[in-house]
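The structure appears below as structure tokens.
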Amino acid sequence: ISVSFLTLLLFFLALFPGAFNCCMKITDEIPKGILRRVERFEIQKANGLCHLEAVILYIEGRKFCVSPRIRRVKKWMKNNKHKIPRKKPHGRKQRRTKTIKKKERKQ
């Protein structure tokens with residue numbers, strides 16, 4: 001492998017980090033037992049770099065790609081919304097500071 005190819009590959013990965021994280025195949029069936037063990041899930045949309053709609057299930061560090069049209073998966077996602085990873089806000093939020101007024105003393 002040439003050095004220029006490796007440089008180009010690293011440059012591509014830096015610009016498009018999610019390019020190799022897309023589901024390329026999905027399954028249309030999933031056992032209930034698998035759904036019970038899901039730690040978190042993500043929804044992959046068919047836009048941008050990924051060209052396939054999918055639900056990505058994470059179980060014990062492994063990733064499973066399933067169809068979002070499976071009735072069992074739809075129902076499971078509706079009941080497990082808390083397992084969707086939260087996106088971190090860009091930038092820092094400004095902290096609100098409380099202003100404390102000093103009481104004037106009467107003399």
**Report entry** Sole exception among (1) at pLDDT below 90; (2) surrounded by fewer than 10 Cβ atoms within 10 Å (Cβ to Cβ) for Leu8, by number
**Finding:** (2)
Report summary line: Residues of the stretch 48-89 being open to solvent by 100 Å² or more (accessible area, probe 1.4 Å) and part of a loop (DSSP other than H, G, I, E, B), in sequence order, are His51, Glu60, Arg69, Arg86, Lys87, Lys88
Report task. Considering only the stretch 25-45, state which residues are aliphatic (A, V, I, L, M) and modelled with pLDDT under 90. Result -> Ile30, Ile34
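The values are calculated or read from the model by the stated rules, or taken from the named source; none is laboratory data. Everything quoted here is computed from the prediction, not taken from an experiment. Cβ sites come from the backbone with ideal geometry, for glycine too, and all protein chains shown count toward neighbours. Ligands, DNA and RNA are excluded from the accessible area calculation, which covers all protein heavy atoms including side chains. Shrake-Rupley method; radii C 1.70, N 1.55, O 1.52, S 1.80 Å.
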